[in-house]
Amino acid sequence: MTLAKLKVRLDWRTFVDTQTYDLIDHPNNYYCVAFAIARLRTQLGWEPREGSDRLYTAMVKHYREYSGDYGFADETDGEGRFDRYSVLLAGEIAQRFLQTGETPPAEVLGWLRRSADVMLQRVNLSGHGFEYGRSLGPYGETSIVEVLTAAAATGILTPAERDLAYAYASSAAQHYVSFWTDPRTGSVNLWDDGRRTDAYRGKFRILGENLSLAHQFVYTNDWWNRLGYRDKAPTPRFDTLAAALPKRTVTWFAKGRYDRALVTWRFGTRVVSLPIINGGESQHAHNPYFPMPFSPGMLEGVADGSVPLLTPRITLGDGATLMPLAYARNVQVETRGRHTIVTYEQDELDRMGGKGPKADPRLRVSVRYDVSPGVIRRSDTYTPKAPIDVRGVTMAFGTFSTLPSNGPTAFRFGEGAVRSFATQGFDRCTAAEAGGDADYHTPIGAMRTKVACAMNARRIAAPFTLGWEIRYR
């Protein structure tokens, strides 16, 4: 009786069109969910293999169509939402083949190698995980574990990479126990004590989150046991091995009408990244998808948050609100000594307030980042297509640092990783405590200080520049 009910309930056809094999109101990563269900149903004798084979074909088609030769999955149909899932998906696909007794196809192993390169750039002994996009928290950490475990299990990591991966998996497991698990309740905590997650992982899913996370650590640990690491301490050479990783990488997700890329730096134990993507219909206006720097524990986004963190929000005379999101072209990355210069242009800005991005050509922008050890600078030059009235510009900065001093457009912090924050082109900035403001609650906890900056109304007929500088320890 129970098996008969499960056979009906646990069916991928509830969210896949069986005629076209298109997903029904789900992001691209659900192809892998459907694929896994279909393969397991075949092993149970509940259906023939045809369904899983067709789902695999649909996944491959989506990869090829929207990422070309780069090997990362767009969460949308070509809008350019490349996030944690985009990198994780190859690891999940590989795991599903391994779980059902098959070696992943060569094409999947190629995607997995690219994903492993991205995740290796993020390994650390603190257990910090993937840093931008939706559904982070402990899932930012298990995503790295999943990809690197699959890469180790399929033999595509070098011995040194395998040792780094195992050390990270051990650190992530420790972080799960010591940080994410609440000793008062015995449950994982993604929602309380200043932590915030997206609506998809709301507290109504608390049982599922506990089971999901525990299961991930159990089955990835099983693979490390099979690979000869049972009861082994992580390598004492972690720092030496990690020092051999590239100091900077550029990961291309897509090129074409718009460019989608991720630049990652390793400054000692500090990882800094800059995603240049489009959040798509549901995420473009949320700051975890902004083209701003992220660094675990220092520069964080806010799940489903719309505060204009480190990104100007421009209100025009007619009330339209524009932001430099979604439409990056001509991304260039150049090394000058210890500095990395990242530039790109947007011929249209993203008009807020509608369903999904909407291109507005009344302003265009050239963006320039200058990143070096301990310093991140951004400078935007906006050019109006014709003289235009601007009601005002706002921008925000949130930090875990405290005790701000000075002003009105620059601040030094007495405690915390961020030492100072300074702006260019804004008329004023104000700093305040942020702990009680849910708009500054991140997946790992509440920011301590918020800074709000503004530019006054004016008529703009010539290019104008807005910018900021962050100095950090």
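Listing for the model above:
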{"read-out": "Under Karplus coefficients 6.51, -1.76 and 1.60, residue-wise ³J(HN,Hα) of the stretch 171-178 in Hz, glycine/proline x", "value": "5, 5, 5, 5, 5, 4, 6, 8"}
{"read-out": "Between the stretch 89-123 and the stretch 250-275, the Cα center-to-center distance that results, in Å", "value": "20"}
{"read-out": "Over the chain, relative contact order from alpha-carbon pairs under 8 Å, at least 6 apart, %", "value": "11"}
{"read-out": "On Cα atoms only, tilt of 50-67 relative to the major axis of the chain in degrees", "value": "20"}
{"read-out": "With every protein chain in place, the chain: carbon and sulfur % of accessible area (1.4 Å)", "value": "51"}
{"read-out": "Positive-end extreme of charge dipole, the stretch 294-374 - chosen from A328, G374, I341 (charges on Cβ)", "value": "I341"}
{"read-out": "Point-charge dipole on Cβ atoms (K/R +1, D/E -1) for the stretch 306-395, about Cα centre, debye to 20", "value": "140"}
{"read-out": "Overall form of the stretch 296-361 per C-alpha gyration tensor (a/c, 1.5; a/b vs b/c)", "value": "oblate"}
{"read-out": "Most to least packed among 97-110, 344-357 [average Cβ atoms within 10 Å]", "value": "344-357, 97-110"}
{"read-out": "Chain lengthening between D439 and Y21 when straightened (0.36 nm per residue, less Cα-Cα)", "value": "146.6 nm"}
{"read-out": "Sequence-distant lysines (8 or more away, or on other chains) whose Cα lies within less than 29 Å of K61", "value": "K7, K255, K355, K358"}
{"read-out": "Packing-based ranking, highest mean first, of 142-152, 320-330 given that Cβ atoms within 10 Å are counted", "value": "142-152, 320-330"}
{"read-out": "Residue among S295, G354, G45 farthest towards the positive dipole end of the chain, charges placed on Cβ", "value": "S295"}
{"read-out": "The chain - Cys residues lacking any other Cys C-beta under 4.7 Å", "value": "C32"}
{"read-out": "Global geometry of the chain, whether rounded, prolate or oblate, following the gyration tensor of its Cα atoms and the 1.5 cut on a/c", "value": "prolate"}
{"read-out": "Shape of the stretch 49-169, Cα gyration tensor, a/c cut at 1.5", "value": "oblate"}
{"read-out": "Among 277-283, 23-29, the order from most to least packed when residues are scored by Cβ within 10 Å on average", "value": "277-283, 23-29"}
{"read-out": "Per residue solvent-accessible surface (Å²) - the chain, probe of 1.4 Å", "value": "42"}
{"read-out": "Point-charge dipole on Cβ atoms (K/R +1, D/E -1) for the chain, about Cα centre, debye to 20", "value": "760"}
{"read-out": "R428 long-range amide H proximity, modeled H, under 5 Å", "value": "A454"}
{"read-out": "C-alpha center-to-center spacing [the stretch 40-74, the stretch 350-405] in angstrom", "value": "39"}
{"read-out": "Which of I314, I444 is most accessible, then next, and so on - probe 1.4 Å", "value": "I444, I314"}
{"read-out": "J(HN,Hα) series, the stretch 467-473, from Karplus relation 6.51 cos²θ - 1.76 cosθ + 1.60, nearest Hz, glycine and proline x", "value": "x, 7, 9, 10, 10, 9, 7"}
{"read-out": "Charge dipole (debye, nearest 20) of the stretch 221-352; +1 at Cβ of Lys and Arg, -1 at Cβ of Asp and Glu", "value": "760"}
{"read-out": "Sequence-separation-based contact order of the stretch 92-210, relative, with Cα cut under 8 Å and 6+ spacing, percent", "value": "23"}
{"read-out": "Karplus (6.51, -1.76, 1.60) ³J(HN,Hα), θ = phi - 60°, over the stretch 207-215, in Hz, Gly and Pro reported as x", "value": "5, x, 5, 4, 5, 4, 5, 4, 4"}
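The values are calculated or read from the model by the stated rules, or taken from the named source; none is laboratory data. Fair warning: this is a prediction, and the values are worked out from it, not measured in the lab. Here Cβ is always computed from backbone atoms with ideal geometry, including for glycine, and neighbour counts include all displayed protein chains. Heavy atoms of the whole protein, side chains included, go into the accessibility calculation; ligands, DNA and RNA do not. Shrake-Rupley method; radii C 1.70, N 1.55, O 1.52, S 1.80 Å.
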